[in-house]
Every structure is written in C-alpha cells, then in structure tokens.
Amino acid sequence: MDTAASQFELNEDQLAIQSMARAFAADRVAPKALAWDRDKHFPADVIRETGPLGMGGIYVREDFGGSGLKRLDAVLIFEALSAACPAFSAFISIHNMSTWMIDLFGTEAQRQQFVPKMTTMEWLGSYCLTEPNSGSDAAALKTTAVLDGDYYILNGAKQFISGAGDSDIYVTMVRTGESGPKGISALIIPKDAPGLSFGANEFKMGWNAQSTRTVIFDNCRVPVANRLGAEGDGFKIAMGGLDGGRLNIAACSLGGAQSALEKAINYASERKAFGKTINQFQALQFKLADMETDLSAARMLLYTAASKLDAKAHDASKWSAMAKRFVTDKGFDIANDALQIHGGYGYLHDYGVEKIVRDLRVHQILEGTNEIMRVIIARHMIKH
C-alpha cells in the first residue's frame with residue numbers, strides 16, 4: 001500500500017491524512033467490526049468519533065466546520081477506514097455526500113442551519129434517491145411533493161436507504177413537477193418531520209454494521225425553506241454527487257480488498273499442506289501475484305480518477321465511472337480469491353474474510369450499477 005502511494009507521489013499532508021485514518025480504523029473500528037456485523041449493530045457512537053477528526057465534512061468548505069480537502073484525500077480516508085470495515089467506511093461516505101450537497105447547493109441560511117452539526121457528526125446524514133420501482137432509472141422517481149403554502153406535502157417511499165431511522169438529516173429527491181428529470185427537486189428533511197417514518201431494518205447479505213430501511217412519506221410536511229436550489233434542480237444536484245460517490249465506494253472496495261489480500265498472505269505463510277506452507281506452491285503464488293497486480297492497477301486508476309475530479313477535467317465523469325466499475329469488480333474478485341485461499345476457514349466468521357466478501361458485493365450495485373457505469377463510459381467515448 002505504501003509502495004503504491006509513493007509511486008503516485010502523495011505529498012506529506014496526504015500521507016498524514018492516510019496515517020491518521022489508518023490509526024483510527026485500527027484502534028476504534030477493526031477490533032469491533034466482526035461483532036457489529038454479527039449483531040447487526042449500527043455503531044453511531046464510533047461514527048460520531050470521526051467528527052472531531054474532520055471526517056464529517058471532508059470536502060466541505062471550512063467556514064462551517066468542513067475540512068476543505070480534495071477528492072483524492074477523501075479516497076485515502078475511505079480506503080483506510082474500509083480496511084477495518086467497508087460498511088463503516090461506506091456510511092461515512094454517504095454522510096459526507098449529504099453534507100457536501102447542502103454545503104454546495106444550499107443557501108447561506110441552510111448551510112448555517114445544517115452544516116456545522118453535520119461536520120461535527122452531531123447530526124448524521126442520509127441520501128434518499130432510490131425508490132422501490134426506480135433504481136438505475138432514477139429520473140423515474142415518483143415520490144411527490146405538493147406545495148401547500150410554506151410547506152411541501154410529501155407522499156411516497158424511498159428504498160435501500162443507508163442509515164434510515166438512525167440518521168438525523170435526509171437529503172431527498174422528490175417530484176415537484178413534470179415527469180422526467182426536470183420535475184425533480186431536492187429537499188433537506190429532518191428526522192422529526194411530521195409524516196416521516198421508517199420501515200424495518202432489512203436483512204441483508206452484507207453491510208450489517210449499517211442500518212438499511214425504507215423511508216416512508218405519508219403527508220409528510222417539509223418547509224419550502226428546506227428546498228435545495230430551485231424547483232427542478234434536484235436531478236442535477238443528485239447527479240452532481242454521484243461522481244464523488246462512485247470514487248468513494250470504489251475506495252471502500254479497495255480498502256476491503258487490501259485487507260482480504262493481507263489476510264490471505266498471512267494465512268498462506270502459516271498453513272501447511274503436504275509438508276510445506278501453502279505459499280510455497282506455485283499455483284498459489286501465481287494467484288497472489290495476480291491479486292496484487294489487480295489491486296495495484298485498481299488503486300492507480302482510482303487515484304487518477306480522483307485527481308481528475310479535483311482538477312475538474314472534462315472527462316472526470318468517465319474516469320469516475322471507469323474507476324467505480326473496475327475497482328468494485330476487482331475488489332470483490334480479490335476478496336473472493338482470498339476466501340478461497342483460506343479454504344474452509346475462509347467460510348468461518350471469525351477469520352473475517354467472508355465478511356469482506358459479503359460487504360464488497362453490494363458495491364457493484366450501488367452508486368449506479370456496474371452495467372450503468374459501462375453505459376456512461378461508452379457514451380463519453382462516443383461523444384468525444
């Protein structure tokens with residue numbers, strides 16, 4: 001990991017950020033990650049500990065408590081955190097995307113009201129776009145928001161919302177106008193909004209350290225003052241957050257895969273078969289070499305994509321999609337291979353590898369499926 005970092009020439013500040021995140025992950029997350037997964041526990045207390053470290057608003061402006069860092073810095077943080085627990089790291093990413101949207105698109109009054117408590121992690125944030133019948137086709141969302149004086153009245157539901165029921169703030173995309181993307185607006189919805197409720201915590205394959213519930217709006221009243229931007233700006237706001245979100249979730253795959261590879265290397269150096277440690281067998285050596293090569297290629301692609309987003313390069317969206325597709329696919333493959341190297345022990349919870357496999361699988365689906373990433377990449381290629 002350090003070798004790859006030095007090849008990319010991370011500066012002293014970035015290395016310090018990386019070191020800080022690794023130390024926190026090793027001390028506060030890694031020792032508890034398996035228990036959180038087993039007990040389906042959402043560790044809100046430990047999540048809030050990241051606030052004083054500047055992780056509540058990583059790329060949020062500094063005037064209301066943000067860290068003012070770059071997207072590459074964020075990638076380093078999420079990669080480091082996910083080495084201890086991908087689900088923990090992914091929630092920090094989602095919270096940051098919600099905070100960033102309010103910081104970037106909100107009025108000064110909205111920023112002053114919400115951002116300070118979100119950057120300190122006093123208030124946790126969730127992002128609500130997906131609905132039961134609109135996933136990849138996000139512009140088809142049907143949750144309605146109808147004007148009633150100084151309020152919107154919301155009806156509908158959001159599905160697969162991370163942190164739902166535990167978070168304090170929900171940045172939510174709703175339909176205020178015509179069908180399609182132009183009729184979508186964005187609202188900041190507090191947890192205590194009248195008419196807001198939550199479904200049961202979903203039983204999931206992975207990400208058990210993170211609550212996932214349906215968010216239900218039943219004549220839910222939200223002040224017009226809580227709208228982000230103008231009516232009809234919602235789809236643009238939603239899409240504006242996805243490039244960074246895709247990099248973040250790729251970083252979560254990268255860190256998880258790194259951890260799985262390290263577990264595999266350690267296990268292979270200790271496990272004996274036919275009179276020698278299994279790392280002496282060429283077939284396994286070739287497997288480890290391929291895993292390391294794929295991991296290094298994924299890291300370089302991700303760091304390059306993050307640098308392009310920081311530079312506002314014209315092809316940053318294409319690179320974000322390429323990184324998301326490649327890193328999440330390779331990350332899952334590496335974790336799965338690490339489980340195979342462990343043999344039957346890899347299937348046991350206590351070894352921690354099967355948890356990584358389960359946690360990383362969903363990264364190929366969320367923040368835009370990897371099939372949609374291919375569509376985005378191809379469109380950019382054809383257009384340019």
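The values are calculated or read from the model by the stated rules, or taken from the named source; none is laboratory data. Keep in mind the model is a prediction, meaning the values are calculated, not measured. So basically every Cβ, Gly included, is an ideal-geometry build from the backbone, and we count neighbours across all protein chains shown. Only protein heavy atoms, including side chains, enter the accessible area calculation; ligands, DNA and RNA are left aside. Shrake-Rupley method; radii C 1.70, N 1.55, O 1.52, S 1.80 Å.
Odds and ends about this structure:
- Subset tally (residues that are among the hydrophobic types (A, V, I, L, M, F, W, C) and without any contact (Cβ under 8 Å) to a residue 60 or more places away in the chain) for the range 142-163: 2
- Any hit, the range 361-373, residues being assigned to a helix (DSSP H, G or I), touching a Leu at 6+ places or on another chain (Cβ under 7 Å) and buried (at least 16 other Cβ atoms within 10 Å of the Cβ): no
- Checklist (1) closer than 25 Å to residue 189 by Cβ; (2) without any contact (Cβ under 8 Å) to a residue 60 or more places away in the chain applied to residue 62, failing item: (1)
- Residue 205 within 20 Å of residue 99 (Cα to Cα) and under 22 Å from the mean Cα position of the chain (by Cα): no
- In the range 59-86, residue nearest to the chain's Cα centre (by Cα) [restricted to those that are closer than 17 Å to residue 18 by Cβ and charged (D, E, K, R)]: 79
- Residue match in the range 260-275 (condition: assigned to a helix (DSSP H, G or I), under 18 Å from the mean Cα position of the chain (by Cα) and not hydrophobic (A, V, I, L, M, F, W, C)): no
- All helices (runs of 4 or more DSSP H) inside the range 1-107 with 3 or more residues being open to solvent by less than 50 Å² (accessible area, probe 1.4 Å) and in contact with a Gly (Cβ under 9 Å, 6 or more places away or on another chain): 71-82, 86-105
- No other residue among 251, 164 is modelled with pLDDT of 95 or more and under 21 Å from residue 104 (Cβ atoms) apart from 251.
- Residue in the range 193-211 that is of a type in the set (A, V, I, L, M), under 16 Å from residue 164 (Cβ atoms), modelled with pLDDT of 95 or more and surrounded by 23 or more Cβ atoms within 10 Å (Cβ to Cβ) present: yes
- The one condition in (1) polar (S, T, N, Q); (2) closer than 24 Å to residue 155 by Cα; (3) open to solvent by 40 Å² or more (accessible area, probe 1.4 Å); (4) in contact (Cβ under 8 Å) with a residue 12 or more places away in the chain that residue 112 fails to fulfil: (2)
- Residue in the range 349-357 that is modelled with pLDDT of 95 or more, closer than 19 Å to residue 298 by Cα and out of contact with any Asp or Glu (no Cβ under 7 Å at 6 or more places or on another chain) present: yes
- Condition check for residue 291: aliphatic (A, V, I, L, M) and either open to solvent by 40 Å² or more (accessible area, probe 1.4 Å) or within 27 Å of residue 128 (Cα to Cα) (or both): no
- Condition check for residue 300 on (1) assigned to a loop (DSSP other than H, G, I, E, B); (2) at negative phi: one failure, at (1).
- Of note, residue 324 does not satisfy the criterion of being under 30 Å from residue 239 (Cβ atoms), in contact with a His (Cβ under 7 Å, 6 or more places away or on another chain) and surrounded by 22 or more Cβ atoms within 10 Å (Cβ to Cβ).
- Check on residue 329, surrounded by 15 or more Cβ atoms within 10 Å (Cβ to Cβ), in contact with a Lys or Arg (Cβ under 8 Å, 6 or more places away or on another chain) and over 24 Å from residue 172 (Cα atoms): no
- Only residues that are within 20 Å of the chain's Cα centre (by Cα), open to solvent by 10 Å² or more (accessible area, probe 1.4 Å) and at pLDDT 95 or above were counted in the range 213-243, giving 2.
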